Amino acid sequence: MLVIHPNECTLLVYTLINGRYDASKIFTHGDMVSSKAVEGFVLNLEELFSDCV
């Protein structure tokens, strides 16, 4: 599960582990986030947050 904070230009990835969700580090402008569910999918946060400078 992804939680995007457009005003803060941040993204958190929550991963279900042993019945509970664990949060990732905070990703922001310039980071690349790889999917564990979709092989080869990479989300470029520089593009997603292009309006954040």
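The values are calculated or read from the model by the stated rules, or taken from the named source; none is laboratory data. In this text the structure is predicted, and so the values were computed from the model without any measurement. Note that each Cβ is placed from the backbone with ideal geometry, even for glycine, and that neighbours are counted across all protein chains shown.
I need the full set of residues from the range 16-53 which are of a type in the set (F, W, Y) and part of a loop (DSSP other than H, G, I, E, B), in order please.
F41, F49
Only one of these conditions is not met by C9: (1) modelled with pLDDT of 95 or more; (2) more than 22 Å from D51 (Cα to Cα); (3) not aromatic (F, W, Y). Which number is it?
Evaluating C9 over (1) modelled with pLDDT of 95 or more; (2) more than 22 Å from D51 (Cα to Cα); (3) not aromatic (F, W, Y) leaves (2) as the failure.
Checking V42 against (1) without any contact (Cβ under 8 Å) to a residue 12 or more places away in the chain; (2) in contact with a Pro (Cβ under 9 Å, 6 or more places away or on another chain), which single condition isn't satisfied?
Among (1) without any contact (Cβ under 8 Å) to a residue 12 or more places away in the chain; (2) in contact with a Pro (Cβ under 9 Å, 6 or more places away or on another chain), V42 violates only (2).
I need the full set of residues from the range 28-46 which are under 14 Å from C9 (Cα atoms), at pLDDT 95 or above and loosely packed, with under 12 Cβ neighbours inside 10 Å, in order please.
M32
Quick one: T10 ticks every box in (1) polar (S, T, N, Q); (2) exposed (fewer than 15 other Cβ atoms within 10 Å of the Cβ); (3) touching a strand residue (DSSP E or B) at 6+ places or on another chain (Cβ under 8 Å) except a single one, so which number is it?
Among (1) polar (S, T, N, Q); (2) exposed (fewer than 15 other Cβ atoms within 10 Å of the Cβ); (3) touching a strand residue (DSSP E or B) at 6+ places or on another chain (Cβ under 8 Å), the lone unmet condition for T10 is (2).
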